[in-house]
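Take a look at the structure set out below.
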Amino acid sequence: MEPQLLHSVTDAVATVVIHHPAKRNAMTAGMWAALPPLLDELAAEESVRALVLTGEGATFCAGADISTLRGADGSPADAQDLAVRAEEALAHFPKPTLAAIRGYCVGGGAQLAGACDLRFCEEGTRFGVTPAKLGIVYPASSTARLVSLVGPAAAKYLLFSGELIDSARALRTGLADEVLAAGELDKRVAEFTQILVSRSLLTQSAAKEFAAGRLDRADHWSAQAHRAPEAAEGIGAFLERRTPRFTWTAPA
């Protein structure tokens, strides 16, 4: 099978699989270019209320497939632009996103994982941000996102050295949100995403924008909350001791 992004939707959760096992799921230029339109398609699907990004088999993503990433002049600039566009599309996906990580999460893989809202990984996962090994200037937006996740000192450690860190250190620094024992990752991700899809997408979407610094959107979300039935449903369900049935979806 050619390197590609596979996707499916089950129980309101879209799963996108990085599929390039011959090279530890390294991202080709074509795969970077394919991610934004795929995310647009899934964002527009009302049945999708959360998204999981993972890798085929025992590795999340070992980075970029360097053999496909050289521009016409031999530089990686064009390819880096593709990667940044893919990363930004993932960061701006309007519903909760979770990276399910095992094996190696390095380079471009760490870019993609960092663009997700949450990162769950398996014990033994190795993380690395490796542009210093290639003489590449890490994109400004990617650097800022990394700093927001792990803080400036840990970001400098990763960027300056290019060294890999283990799952325990990733958890301590904030690069990982949960670390699961071997064999438990898929079960935990399935359980947690069902929690996500049972909650209010209105709350989640507003919180996602505010957490990203979009405070200019406060009036927009206030208007959405005023028109939506979410609060009435949530409060009613609480008082009646039943599970709420939230129905809000983002306007087209």
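Values quoted throughout were computed directly from the atomic coordinates according to the rules given, and no laboratory measurement underlies them. Computed from a prediction, not measured in an experiment: that's the story for all the values here. Here the Cβ is made from the backbone with ideal geometry for all residues, glycine too, and neighbour counts use every protein chain on show.
Give me the extension gain from Glu178 to Ala140: residue separation times 0.36 nm, minus the current Cα-Cα distance, reported in nm with one decimal.
My answer for the length gained is 11.0 nm.
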CD proxy at 222 nm, helix term only [per DSSP H run n ≥ 4: -39500 (n - 2.57); per residue of the chain; nearest 500]: -13500 deg cm²/dmol
For Gly63, what residues show an amide H to amide H distance below 5 Å, using hydrogens built from the backbone and excluding near sequence neighbours? Met27, Val106, Gly108, Gly109
FRET efficiency for Glu45 and Gln194, Cβ-Cβ distance as r, R0 = 22 Å, nearest 0.05? 0.80
Signed unit charges on C-beta, dipole axis of the chain, positive-most listed residue Gly135, Gly234, Ala176: Ala176
Take every DSSP beta bridge whose two residues both sit in the chain, then give the antiparallel share in percent to the nearest 5. 30 percent
May I ask you to evaluate 6.51 cos²θ - 1.76 cosθ + 1.60, the Karplus curve with θ = phi - 60°, for each residue of segment 187-203 and list the ³J(HN,Hα) values in order in whole Hz, giving x for glycine and proline? 4, 5, 4, 4, 5, 5, 5, 5, 4, 4, 6, 7, 8, 6, 5, 4, 4
Rg(Cα)/(2.2 N^0.38 Å) for segment 1-136, N = residue count: 0.99
Could you give me the ³J(HN,Hα) list for segment 146-156, computed from phi with Karplus coefficients 6.51, -1.76, 1.60 and θ = phi - 60°, whole Hz, x at Gly and Pro? 4, 4, 5, 7, 10, x, x, 5, 5, 5, 5
Answer in debye to the nearest 20: the dipole magnitude of segment 200-240 about its Cα centre, from +1 Lys/Arg and -1 Asp/Glu charges placed on Cβ, is 160 debye
Distance check, please: which entries in Lys133/Lys208; Lys156/Lys187; Lys95/Lys133; Lys23/Lys187; Lys95/Lys156 exceed 28 angstrom between their Cα atoms? Lys133/Lys208; Lys156/Lys187; Lys95/Lys133; Lys95/Lys156
Go ahead and collect, in residue order, the members of segment 85-127 whose backbone nitrogen is under 16 Å from a label point 7 Å along the Cα-Cβ direction of Glu233. 96
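What length, rounded to one decimal in nm, is gained on full extension from Asp216 through to Met1, with 0.36 nm per residue of separation minus their alpha-carbon distance?
The Asp216-Met1 span can extend by a further 72.9 nm.
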